[in-house]
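**Student:** Here it is, the structure, as structure tokens.
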Amino acid sequence: MSERLECIVCGRKFYRAQGVRLNAAGIELAFHSKACALKFVRSLLEHVEPGALRRGVSETLAEFREARKKLEELRAKTI
Ligand SMILES: [Zn+2]
């Protein structure tokens, strides 16, 4: 029998293998669906100090931009 978790947004119960789990600063967060996770994250963004959020967003954008660049370079090589 596998463990059931409870979605922190809507309260629905779900199995550990399903749903979305995030770790935010050591706090374990469990959502039954991507929609509930997104709802939580949207609300979370409003509670983060703007300066810290701006820094975090810039760094995350840079991370994805870099990953996309590497992927494009890899694609160019294989053609
Ligand atoms: Zn939910």
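**Student:** Being under 23 Å from E6 (Cβ atoms) and among the charged types (D, E, K, R) is the filter here; which residues of the range 26-63 pass it?
**Tutor:** E28, K34, K39, R42
**Student:** Residues being out of contact with any Asp or Glu (no Cβ under 8 Å at 6 or more places or on another chain), part of a loop (DSSP other than H, G, I, E, B) and surrounded by 11 or more Cβ atoms within 10 Å (Cβ to Cβ): count how many of those fall in the range 1-31.
**Tutor:** Within the range 1-31, residues that are out of contact with any Asp or Glu (no Cβ under 8 Å at 6 or more places or on another chain), part of a loop (DSSP other than H, G, I, E, B) and surrounded by 11 or more Cβ atoms within 10 Å (Cβ to Cβ) number 6.
**Student:** Since K39 meets every condition but one in (1) at pLDDT below 95; (2) under 12 Å from the mean Cα position of the chain (by Cα), which condition does it not meet?
**Tutor:** Unmet for K39, out of (1) at pLDDT below 95; (2) under 12 Å from the mean Cα position of the chain (by Cα): (1).
**Student:** Same structure, new question: For the range 37-52, what are the residues that are surrounded by 10 or more Cβ atoms within 10 Å (Cβ to Cβ), hydrophobic (A, V, I, L, M, F, W, C) and away from the ligand (no atom under 11 Å from the Cβ)?
**Tutor:** Taking the range 37-52 and keeping what is surrounded by 10 or more Cβ atoms within 10 Å (Cβ to Cβ), we get 37-41, 43-45, 48.
Applying the additional criterion that residues be hydrophobic (A, V, I, L, M, F, W, C) yields 37-38, 40-41, 44-45, 48.
Across the range 37-52, the qualifying residues are V41, L44, L45, V48.
**Student:** For residues in the range 6-20 being at pLDDT 95 or above and of a type in the set (K, R), which is farthest from L44 (Cα to Cα)?
**Tutor:** For the range 6-20, the residue satisfying everything is K13.
**Student:** Out of the residues in the range 1-36 meeting the condition of being of a type in the set (S, T, N, Q) and within 13 Å of the ligand (Cβ to nearest atom), tell me which one is nearest to the chain's Cα centre (by Cα). Break it down stepwise before answering.
**Tutor:** At the first step, the residues of the range 1-36 found to be of a type in the set (S, T, N, Q) are 2, 18, 23, 33.
Checking which are within 13 Å of the ligand (Cβ to nearest atom) leaves us with 18, 33.
On the way: Q18: 15, S33: 12 Å.
Among those residues, the one meeting the criterion is S33.
The values are calculated or read from the model by the stated rules, or taken from the named source; none is laboratory data. Fair warning: this is a prediction, and the values are worked out from it, not measured in the lab. Quick reminder, even Gly has a Cβ in these numbers, built from the backbone with ideal geometry, and neighbours come from all protein chains shown.
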